[in-house]
1. Tally the residues that are under 17 Å from residue 432 (Cβ atoms) and either surrounded by fewer than 17 Cβ atoms within 10 Å (Cβ to Cβ) or without any contact (Cβ under 8 Å) to a residue 60 or more places away in the chain (or both), restricting the search to region 358-378.
2. What number of residues within region 220-240 satisfy the criterion of being outside any helix (DSSP H, G or I) and either in contact with a helix residue (DSSP H, G or I) (Cβ under 6 Å, 6 or more places away or on another chain) or outside the structural domain of residue 132 (by TED's automatic domain parsing) (or both)?
3. The conditions are (1) exposed (fewer than 14 other Cβ atoms within 10 Å of the Cβ); (2) part of a helix (DSSP H, G or I); (3) free of Cβ contacts under 8 Å to residues at least 12 places away in the same chain, and residue 183 fails exactly one of them. Which is it?
4. If you check residue 57 against the conditions, is it in a loop (DSSP other than H, G, I, E, B), under 16 Å from residue 17 (Cβ atoms) and in the same structural domain as residue 238 (by TED's automatic domain parsing)?
5. Is it the case that residue 276 is at negative phi, outside any loop (DSSP other than H, G, I, E, B), buried (at least 17 other Cβ atoms within 10 Å of the Cβ) and outside the structural domain of residue 375 (by TED's automatic domain parsing)?
6. Go through (1) over 22 Å from residue 195 (Cα atoms); (2) out of contact with any helix residue (DSSP H, G or I) (no Cβ under 6 Å at 6 or more places or on another chain); (3) in contact (Cβ under 8 Å) with a residue 40 or more places away in the chain for residue 102 and report which single condition fails.
7. Is there a residue being at pLDDT below 95, outside the structural domain of residue 383 (by TED's automatic domain parsing) and assigned to a helix (DSSP H, G or I) anywhere in region 243-253?
8. Please go through (1) outside any loop (DSSP other than H, G, I, E, B); (2) touching a residue at least 40 places away in the same chain (Cβ under 8 Å) for residue 39 and return the number of the only condition it doesn't satisfy.
């Protein structure tokens, strides 16, 4: 026995209690303790074994401290098989969460009882893996194949009620897990039940596994682990024996262990948890957050207000006119109606949020009691400085004044107030009540308490908050401008916008840059291009087909036409034939001879532009760590999670090869493709971007 598992005998029942706080992770001491407990119970001559977790949960999954290390015996698949093979009746009492290996321990038990609040699942696909200790073999024997495919390939958690309906648990009982477990074991013994091994249950299926594999691969935009998990479930159905199915599951698991996608997903997992942990905020207390103000009730402002309301933060929203406040209310109510329809909130909650918790006004004096206010007005420095002057006059001392600007200098905005220490940038992404990214932009005089409050708001709103310094576009939009320019250069030189979009979506992005421009509104980027034009470097290439399209009034989906043509009632668009004419005109005016681009070159240039600019962002200190860039691109721009982010992707490719490609592109355009000094330094020192995360 180990300290992580205690053994107690109560009559004919051996009780194995897990006590490995905080989540009873299945580290080696827990595994050894469970094995020793089963063996001792058999030697003691009891009739049954109860397994449960002390504290707040059953086994919540693997011990993340063991990730990347050589596993130690007993291995989890062997332990699960040993538990299932016991001649005693083995029962698991489940509370909290039973995830991954935790659920696999429960599935290898012969019977399962759970409290109503228990949740369970097999989330391994989110780490680029699949269940490897019998999950793909045992779960379908309880739920049926189709339900098992849905649970395993999504990695979602199942509540106790659904688990009971599917046969994952046998009984739901309110109470302490130890007490309900003992009561259930006694009930089973009194009824004279026999041992019921999940691996011995019959399994039939009429599923077309090839079709399921293709469907899941397409749904995951190329993520391998969910699709490979389908093959594991297929082995449960088609293998000659349960042990043969287990062997095939393990083979598939080990294949996934060696993939680049697994590296990327592990990086994303740990980076998401590390990104908001800033050394500069250690010991710094955030200010109170009991009420929030929002300036502007357009799409962005209404989304920010909705996010705050859903986090139970009362909102005061300011608009210029009564008509505008009515429209803002309509947008917010529409957002909350969506949450109501999805079951995220009750009707009573909806009524409270749209009534008591939301105040709309045209008078800035209504903001007198809010703790933090976010402006979401037109992207104009003059407009924003005017707003901040009014906030300075009406908000109470200590209130945090935040700008939702996407590009503008927060220092200049802060200068419009008498309290620049209270000013911070909070760049939300649209739709703000859905998108998880929040860039927290630190101005020159932003105080540590103000910064901490920005991160506290992000946590309250369940956002992934990332620290950014000040530059044009901050982290995300600055990088996006670079790879969008790379895409435009390729189109000017002969590639098709539709080829670029297809290659990018084939890589795993939800949309290509030209379709995304149509969705966001081409006029937004057009305005930014015009703003930058007076200070543009003379060496910069400037494709003009984008401007030509906008000058014709085609701004994308909002006007029904952009790079694509959109018909009402139809999803997506079809290529706009006029675009080819504009590109040809641009090529003729600039003396460009078009050439063909392979899909491989399109992707490589697109990604190298992203990596090079990201390296400049980190090298200049706009982002403090490479993982900050990766999280911005994952949660704000749809970068495929299974590659971890652009800088993790570059590490996987090899920085020397990436730099060599950038230098080769620079032979034709040494301004745009000037290598990032940080990238050159890392290559010279034989280091990776990930090394920058370890300081």
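1. Qualifying residue count, region 358-378: 2.
2. Residues in region 220-240 being outside any helix (DSSP H, G or I) and either in contact with a helix residue (DSSP H, G or I) (Cβ under 6 Å, 6 or more places away or on another chain) or outside the structural domain of residue 132 (by TED's automatic domain parsing) (or both): 3 in total.
3. The failed condition is (1).
4. yes
5. Working: at negative phi: yes; outside any loop (DSSP other than H, G, I, E, B): no; buried (at least 17 other Cβ atoms within 10 Å of the Cβ): yes; outside the structural domain of residue 375 (by TED's automatic domain parsing): yes.
Considered against the rule, which asks whether it is at negative phi, outside any loop (DSSP other than H, G, I, E, B), buried (at least 17 other Cβ atoms within 10 Å of the Cβ) and outside the structural domain of residue 375 (by TED's automatic domain parsing), residue 276 comes out as no.
6. (1)
7. No, there is no match, as no residue in region 243-253 is at pLDDT below 95, outside the structural domain of residue 383 (by TED's automatic domain parsing) and assigned to a helix (DSSP H, G or I).
8. (2)
The values are calculated or read from the model by the stated rules, or taken from the named source; none is laboratory data. All values derive from a computational prediction rather than experimental measurement. As a convention, Cβ positions derive from the backbone with ideal geometry for all residues, glycine included, and neighbour counts pool all protein chains shown.
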